[in-house]
Every structure is written in structure tokens, then in C-alpha cells.
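The values are calculated or read from the model by the stated rules, or taken from the named source; none is laboratory data. Because the structure is predicted, anything quoted here is derived from the model rather than measured. All Cβ positions, even for glycine, are placed from backbone atoms using ideal geometry, and neighbour counts span all protein chains on display. The accessibility values were calculated without ligands, DNA or RNA, using every heavy atom of the protein model including side chains. Shrake-Rupley method; radii C 1.70, N 1.55, O 1.52, S 1.80 Å.
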Amino acid sequence: MTSDISTFRSSPSLAHLHPTDRSPQRIAVLPGDGIGKDVTAEAVKVLEAVADRYALPLELVQLDWDADRYLTTGETLPEGALDDFRDYFSAIFIGAYGDPRVPDMKHAADILLGIRFGLDLYINFRPIKLYDPHLCPLKGKGAKDIDFVVFRENTEGAYVGIGGNFKKGTPDEVAVQEEIHTRKGVERIIRAAFEYAVDHGRSKVCMADKANVMQYGHDLWTRCFAEVAEEYPAIETQHFFVDALTMQLIKAPERFEVIVTNNMFGDIITDLSAALQGGLGVATSGNIHPGRTSMFEPVHGSAPKYAGTGRANPVAAILSAGLMLDFLGHEQPAERVEEAVRAALREGQTTVDLGGQLTTSQVGDHLAQAVSGAVTVG
Ligand code: NAD
Ligand code: IPM
Ligand code: MN
């Protein structure tokens, strides 16, 4: 189903919907660009299959806010979209953004970062889990060694776009790019990491920063971490400067259970961590504000050279849809998606990046069948 959100806004049929009345659960699906479109088609297949099997009240609304549309109309995130998401949608699913014809990423920044910031989705939750030992590039590491989550701050840091140029294009050019850390922003992401540890039986939380150089912003992180940690005496704390953390993640990933860090460092260490679990083709994320409309997407980008070739691995998108189901309160269907993926990875029913021979849509078909119950899972 394709629909423009502005039609939605004015649709009288929505008059009965109130933010507290979320049945059916409406999900905005934004495939985006490049392989974002390919993997989203498969995630939708699996979502529809699992919704059928468990009679889930999901309503998917596809929105074609991509580079083509931006290049044709000049529009990125339509006016009023954030209000509509907040009021009428339970979740948002995104494929990936990025198109070589838009080198400044204008539409991607407006849409992707616009939703993260505009809906105040302060937790970028990125779980790292090794589904099968053969996917890990490290020697001798198994599922118990690579099983941690990253809480990436998602609304501040280096991503706020504050800065400017002076004497641009001349030999004397100056560029300034600020990063912002607020007490409220830092404290809430650190607290979210500790709460997660308590709720999920995790025993330690690690904070990564570069306070030895960033003596103001990252000092705020250091102080907040120490203060919040005092409220959770049963949780062990760890601290690494981010450069040392990257080394530790390769040498001894089993040391980590929950990692909390700023926006930019979280971006970098989650691509590195993705490699530990088989690559970007399996890495998932949720952009979350607890209790509010939240957004789910694979960690990877639009990999333009693979678009439409059948090489894109849809598993990251499918597992991200699973995370979304869990967020929407559908725990058992979410587990079924994860178990179907685990079995497919174990059996080599994968795309080429993971050594398999299936195309993007064959993986989607296989997993849709598996969650429907037509194939034995487990
Ligand atoms: P990318 O994640 O798109 O791809 C990097 C490499 O990872 C690919 O060449 C491929 O080898 C591999 N890869 C990624 N996803 C894969 C998948 N599903 N299956 C198999 N292999 C996969 O990163 P990039 O090349 O640096 O960026 C391409 C564009 O995507 C840029 O415009 C970038 O800004 C954008 N981007 C968008 C997002 C997002 O929308 N969330 C995230 C990262 C990058
Ligand atoms: C990610 C991406 C984005 C980010 C880009 C595309 C803005 O790399 O989601 O990890 O840096 O957050
Ligand atoms: Mn990234």
C-alpha cells in the first residue's frame, strides 16, 4: 500500500484515532534508497507473514521518501510528518538512505536525523549477537563470547550540525564543527543503559569516551556515569577510552555486556562490532524513546553498488523488524523471527556476503515461509 502522509493528515477516517488508541498498530515504512528498497521489501514480506500467523493488528503504510522524490520535488521530510508519526503511528521502519546523486546527503539528513532528533529518539539501541560461530572473523569465539548491546546517544554529540565556514574555498578557510553534550542528554542515555542491564540480567555497563582529550564534553560523561552508577550498586562499571575500546572489542569481546557512549563513537564502534557477528548484513538497530513512536532500521547504509543485484543481505532489516515487533509488545512473534534467522544462518541459507548462494528475495521468501510455520524452525 502506498500513501502520502499528507493524505493521511487530512483523512477524516483518522478522526477516531487518538494517541492512546493504537489498535491497529500503524507502521510507517520508508524503504529509502539503494539496497534500502531491496531489504525493506523482504522485511515487509516477513512482517506480513508473521502478522498473519499470529493475527497481529499491524497496518503498514509505505512512504516513498527517497532520493528520486527529493530530486524531482525538492521535498525531504514533509511538513507535519513528525506530528503525524507521533499521533498516528506506533513505529517507523527505515531501509537505508544515501544516493550518489545527493552528495551532501540533504534528504537523508532531513529524514533520518530529522526523525531521530524530531521525535527525540534518544536511545540508539544496537545489539551485537553472534548467531552462529562460523560468522565470526575472530579465532575461537562462539556465541557466548559475542553478546553485548550498545546504547548510542542519538540526539546530540557531533551530530547536531552546529558550525560553519569562514573564507570557504580559499587557502585560509576555517571550518568549525561543534559537538554538544547536555546534562539531561548524557544522563538519560547512561540511565537507560543501566536500566537495561538490570532488566536483562546483565552484570556490567561499560562507558566509552575520550575524556583524556575532550576535557569538557566528555568530562561531563565521566561525572554523569559515576553518579548514575551509584544508583545501581549491583552493576559493575567498566570504562575505556574509545581507542582502547576498539582494540578490546577485537581482543576480548567477551568482556562486554552493555556499552554506552556518545553519538559518533557509537556509530563507529557498532560498524566494528557488526563485523564480529558476520558484518553489516546482520546488524540491527532501534531508535527509541520509551513509550513513544520509535524507529527501527538496519545499521548498514544504502550500498548503492549492490542495489537491485540480489546481493544485499536482508537479514539486518528483517531482524530490525523483529526488534520493532518486540518494542510493539509482540514478544513471541519477535522471537520466531529471530529463531528463523538463526536457523537460516546456521544452515547457510544466506546471501553471498555470508557465504551462501541465495538472492535477497530468496532469503526473504525462505524466512517468510519459516515464520509462517511452513518450514520447521529450530
Ligand atoms: P554501507 O553500509 O552502505 O556499505 C558498506 C559495505 O558494507 C558495502 O559495500 C557492502 O560490502 C557491505 N554491506 C552493507 N550492507 C550490506 C547488506 N545488507 N548486505 C551485504 N553487504 C552489505 O556503507 P557506505 O558504503 O559507507 O555508505 C553508502 C551510503 O549509505 C552513503 O550514502 C552513506 O552515507 C549511507 N549510509 C546510510 C545509513 C543509513 O541510512 N542508516 C547508514 C550508513 C551509511
Ligand atoms: C548509521 C549511519 C548514519 C549515522 C548516517 C547515515 C547519518 O551511519 O545509522 O549508523 O551516522 O548515524
Ligand atoms: Mn553508521
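Loop-located trypsin sites (Lys or Arg not before Pro) in the range 132-207 (DSSP state not H, G, I, E or B) with no more than 11 neighbouring Cβ atoms inside 10 Å: Lys139, Lys144, Lys167, Lys168.
Hey, got the dipole for the chain? About the Cα centre, +1 on K and R Cβ, -1 on D and E Cβ, debye to the nearest 20? Numbers along the way, then the final one.
Details: 35 positive and 52 negative charges, 121 e Å.
Dipole size: approximately 580 debye.
Each of Gln362, Gln25, Asn154 was scored by the projection of its Cα onto the charge dipole of the chain, and the greatest displacement toward the positive side belongs to Gln362; charges sit on the C-beta of Lys, Arg, Asp and Glu. Couplings 3J(HN,Hα) of the range 161-168, computed from phi: x, 9, x, x, 10, 10, 6, 4 Hz, in residue order, whole Hz [Karplus 6.51 cos²θ - 1.76 cosθ + 1.60, θ = phi - 60°; x for Gly and Pro]. Can you tell me, using C-alpha contacts under 8 Å and at least 6 residues apart, the relative contact order of the chain as a whole percent? Reported relative contact order: 22 percent. Residues of the range 178-207 with an amide N closer than 20 Å to a point placed 7 Å from the Cα of Glu331 along the Cα-to-Cβ direction: 193-203.
Set the Förster radius R0 to 35 Å, insert the Cβ-Cβ distance between Ala55 and Glu230 as r into 1/(1 + (r/R0)^6), and round the FRET efficiency to 0.05.
Working: r = 46 Å, r/R0 = 1.31.
The calculated FRET efficiency here is 0.15.
Once the Cα-Cα distance is subtracted from the 0.36 nm per residue extended length, the Arg69 to Val213 segment shows a gain of 47.6 nm. Protein heavy-atom surface of the range 147-289, 1.4 angstrom probe: 55% of the accessible area is carbon and sulfur, with nucleic acids and ligands not counted. Averaging the sequence gap over all C-alpha pairs within less than 8 Å and six or more residues apart, then dividing by the number of residues, gives the range 197-338 a relative contact order of 19 percent.
Probing with 1.4 Å while keeping every protein chain in the model, the per residue accessible area of the chain equals 43 Å². The residue among Gly301, Phe241, Gly140 whose Cα reaches farthest toward the positive pole of the charge dipole of the chain, with charges on the beta-carbon of Lys, Arg, Asp and Glu, is Gly140. Using a Gaussian network model of the chain with C-alpha springs under 10 Å, which one of Glu153, Glu347, Glu338 is most mobile by mean-square fluctuation? Taking springs between Cα atoms under 10 Å, the residue moving most is Glu347.
Compared with the direct C-alpha span, the chain from Phe241 to Glu347 gains 34.3 nm at full extension, assuming 0.36 nm per residue. All C-alpha pair distances within the chain, sorted into 10 Å bins from zero, spread as 5, 23, 32, 27, 11, 2, 0 percent across the bins. Taking each DSSP H run with n ≥ 4 as -39500 (n - 2.57) and averaging over every residue of the chain yields -12000 deg cm²/dmol at 222 nm. Across the range 220-303, Cα pairs under 8 Å and at least six residues apart give a relative contact order of 16 percent. Ellipsoid semi-axes for the range 124-278, based on the Cα gyration tensor and the rule √(5λ), read 30, 21, 12 Å when sorted largest first.
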